[in-house]
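Student: What follows is a structure written as structure tokens; I'll ask about it next.
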Amino acid sequence: MKSFEELKKLYENELKPQLAGMEDQRKFIKKWRNLGIVAAVFIFLTYQLGESLMSPTMVIVTLVLFAIAGIYCAIKAYIRYQDYKKVFKVEVVEKIVKLINTDYKYNPSAHIREQFYSLSGIFPEDPDRCTGDDLITGTIEQTPFQFSELKTEEKTVSRDDDGNKRTQWNTIFRGIFFVAEFNKQLGERTFVMPQNDRRTTNIFGKERKKNRLHGEMVKLENPEFERLFTVYGSSQQEARYVLTPVLMEAIVNIQKQLGLKMYFSFVGENVYCAIPMGKNMFEPKISKDGINYKDVEEMFLLFSLIETIIHEMNLNTRIWTKA
């Protein structure tokens, strides 16, 4: 993996000048986006206070005018943002990826296939919608991998008091998801979940019933590992076969290095990892001027994540049934 000195050089020589040249476009998007927000505020105020200040007809006319203005501003900002984002992905994000490894393939509009998400078994809910972007594929020594941002949602349909149908989309997972080839062929499933995670335990620390889909809880002889994670599996024996002392130590090291909430599963011939994030990590920011080095460094660290995990977990070592 390339050093931070090389990243700094890339930022100063290429990324910073490129982003400076895109400032007019960013300011244009920000201006029209803010105008759209202003229009939305006036719509709200007119709806709430209009009848006390003007006639019903004037209220309707005012609402329509502000609605048209808001839609117009939003469309102008959105169209220009799409163009801005395309340039940002090529001129900034892809260059950071290539700095890490020139052999990696980067597709800004693709994402991990839903099939891999489902096979991982980490989140039992079947998603009704699966979206994402920033797919990176490649091979580190002998280990193929895929990595992207991903968002999965489930749809609920209900009716209000008047009998009108309401559709709501609830997020199951949003963050970074990757799959890499494991160095053992597995017949059972093993899951490593964050300790006291609200998906697996309630507020009293008791196991949720739905989490039993992950199998039985597995006790291991590594106090530091068990302080950070809880293990479930369809086979106690195979869970211990998978989670060797070396691998548990590696997962603890990854947690210490990255400080991120992580879910792992070991299924078939793959290891899966899901890392929840509260925002899109590789999108251009509009609110502030350009992009600073800290933003670039954050992207660099996240894109380097897969190398950290593969090397720490020693996935390149082919043992037993892996050729």
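Please treat every number below as a calculation from the coordinates, not as lab data. Treat the numbers as computed from the prediction; the structure is a model and nothing was measured. As a convention, Cβ positions derive from the backbone with ideal geometry for all residues, glycine included, and neighbour counts pool all protein chains shown.
Student: Rounded to whole Å, give me the distance from the Cα center of segment 242-288 to that of segment 33-104.
Tutor: Centre-to-centre (Cα) distance: 34 Å.
Student: Show me the trypsin sites (Lys or Arg not before Pro) within segment 129-195 that DSSP assigns to loop and that have at most 16 other Cβ atoms within 10 Å of their Cβ. Walk me through the numbers before you get to the answer.
Tutor: Working: sites: ARG129, LYS151, LYS155, ARG159, LYS165, ARG166, ARG174, LYS184, ARG189; in loops: LYS184.
Answer by residue number: there is no such site.
Student: Assigning unit charges at the beta carbon (Lys, Arg +1; Asp, Glu -1) and nothing else, what dipole magnitude in debye, to the nearest 20, does the chain show about its Cα centre? Kindly include the intermediate steps, with their values, before the conclusion.
Tutor: Details: 45 positive and 42 negative charges, 118 e Å.
That gives a dipole near 560 debye.
Student: Tabulate in residue order the Karplus-calculated ³J(HN,Hα) for segment 136-151, using 6.51 cos²θ - 1.76 cosθ + 1.60 with θ = phi - 60°, rounded to whole Hz; enter x for Gly and Pro.
Tutor: 10, 10, x, 9, 9, 6, 9, 10, x, 8, 9, 7, 7, 7, 8, 9
Student: Put +1 on the Cβ of each Lys and Arg and -1 on the Cβ of each Asp and Glu in segment 214-318; which of VAL218, ILE275, LEU247 then has its Cα farthest toward the positive end of the dipole?
Tutor: Result: ILE275.
Student: While we're here: Given a 10 angstrom Cα cut-off, can you work out which residue in GLN48, GLN115, GLN142 is the most mobile in a GNM of the chain?
Tutor: Of the options given, GLN48 has the highest mean-square fluctuation.
Student: Nearest 10 degrees, 0 to 90: what angle lies between the long axis of helix 23-53 and the longest principal axis of the chain (Cα atoms)?
Tutor: It works out to around 60 degrees.
Student: Still on this structure, please answer the following. In which sequence would ILE75, ILE176, ILE112 go, from the one with the fewest C-beta neighbours within 10 Å to the one with the most?
Tutor: Ordered from fewest to most neighbouring Cβ atoms within 10 Å, ILE75, ILE176, ILE112 come out as ILE75, ILE112, ILE176.
Student: At 222 nm, what helix-only mean residue ellipticity would the chain give, in deg cm²/dmol to the nearest 500, using -39500 (n - 2.57) for each DSSP H run of four or more? Numbers along the way, then the final one.
Tutor: Numbers: 11 runs with 137 residues, N = 323.
My calculation for the chain gives -13500 deg cm²/dmol from helical runs alone.
Student: Here is a further query. If each residue's Cβ is checked for other Cβ atoms within 10 Å, how do THR137, THR102, THR171 rank with the fewest at the top?
Tutor: Listing THR137, THR102, THR171 from fewest to most nearby Cβ atoms yields THR102, THR171, THR137.
Student: Calculate, in nm to one decimal, what TYR241 and GLN185 gain on full extension: separation in residues at 0.36 nm each, minus their alpha carbon distance.
Tutor: Numbers: separation 56, 0.36 × 56 = 20.16 nm, distance 1.11 nm.
Gain on extension, TYR241 to GLN185, equals 19.0 nm.
Student: Where nothing but the Cβ of Lys and Arg (+1) and of Asp and Glu (-1) is charged, how large is the charge dipole of segment 3-62 around its Cα centre, in debye to the nearest 20?
Tutor: Working: 8 positive and 7 negative charges, 18 e Å.
Approximately 80 debye in magnitude.
Student: Also, I was wondering about something else. Can you put VAL252, VAL41, VAL271 in order, fewest other beta carbons within 10 Å first? Present the calculation step by step, with values, prior to reporting the outcome.
Tutor: Working: VAL252 17, VAL41 12, VAL271 28.
So the residues, fewest neighbours to most, are VAL41, VAL252, VAL271.
Student: Give me a comma-separated list of calculated 3J(HN,Hα) values for segment 224-235, in order, Karplus coefficients 6.51, -1.76, 1.60 applied at θ = phi - 60°, integers in Hz, x for any Gly or Pro.
Tutor: 5, 4, 6, 6, 9, 9, 10, 10, 10, x, 7, 8
Student: Find me the longest stretch of the chain that has none of the exposed GluC sites (Glu not before Pro), where exposed means in a DSSP loop (not H, G, I, E or B) with at most 11 other Cβ atoms within 10 Å. Each step should come with its number before you reach the end.
Tutor: On the way: sites that count: GLU141, GLU221.
Here the longest run is 1-140.
Student: Now, a different point. Which residues make up the longest stretch of the chain clear of chymotrypsin sites (Phe, Trp or Tyr not before Pro) that lie in a DSSP loop with no more than 16 other Cβ atoms within 10 Å, not counting the sites?
Tutor: Details: sites that count: PHE204, TRP320.
Between the exposed loop sites, the longest stretch runs 1-203.
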